[in-house]
1. Collect the residues in segment 1-22 that are more than 18 Å from residue 117 (Cα to Cα), touching a strand residue (DSSP E or B) at 6+ places or on another chain (Cβ under 9 Å) and open to solvent by 80 Å² or more (accessible area, probe 1.4 Å), keeping them in residue-number order.
2. Exactly one condition in (1) of a type outside the set (Asp, Glu); (2) over 14 Å from the mean Cα position of the chain (by Cα); (3) outside any strand (DSSP E or B) is false for residue 14; which is it?
3. Which residue is most open to solvent (accessible area, probe 1.4 Å), if the candidates are limited to segment 23-43 and must be assigned to a strand (DSSP E or B) and among the aromatic types (Phe, Trp, Tyr)?
4. Does at least one position in segment 40-53 carry a residue that is within 18 Å of residue 17 (Cα to Cα) and in contact with an Asp or Glu (Cβ under 7 Å, 6 or more places away or on another chain)?
Amino acid sequence: MNSPQMATLARVVYFFEHLSPDNLLELPLVYADDAWFKDPFNEVKGLAEIGRIFAHMFVQADSARFVVTSQLAQDQAAFLTWDFEFKMKRFSMAPQSIRGATHLHFNDAGLVTYHRDYWDAAEELYEKLPLLSGLMRILKRAARN
């Protein structure tokens, strides 16, 4: 990885690890205008829609933060693994953590054009919700038999 790639990745990691409602206006410094974003619940294109997803995250969760645990980069792509730490505003105020990964592509200006998050919504989220946790245990047991 050359120095510009390292600088781009370091800037993106810093942004994710310091993401807050206050710095959502910095999205244009990280994402291209027509960037594509997908996670287990959303698939959107464009800065406004990506900003809406991040803003909604802060509406739903308290003390939300990403901790990047590893990073790999090659050419104009990167792969990050992370822990998303938060407290739910509803259901339970106990600290929660979701482990996941992000695949990124960058344009020549070093802006993200492709952002795909991978994490298991069933294991990492649904099993932690009081109303769904029992159902998830039943479904897991049924799938093993």
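1. 1, 6
2. (2)
3. From segment 23-43, those assigned to a strand (DSSP E or B) are 31-38, 43; that's our starting set.
Still in the list and also among the aromatic types (Phe, Trp, Tyr): 31, 36-37.
Numbers: 31: 1, 36: 59, 37: 4 Å².
This residue is 36.
4. no
The values are calculated or read from the model by the stated rules, or taken from the named source; none is laboratory data. Note that the coordinates shown come from a computational prediction; the quantities given were computed from them, not determined experimentally. Glycine also receives a Cβ, built like all others from the backbone with ideal geometry; neighbour counts cover every protein chain displayed. Only protein heavy atoms, including side chains, enter the accessible area calculation; ligands, DNA and RNA are left aside. Shrake-Rupley method; radii C 1.70, N 1.55, O 1.52, S 1.80 Å.
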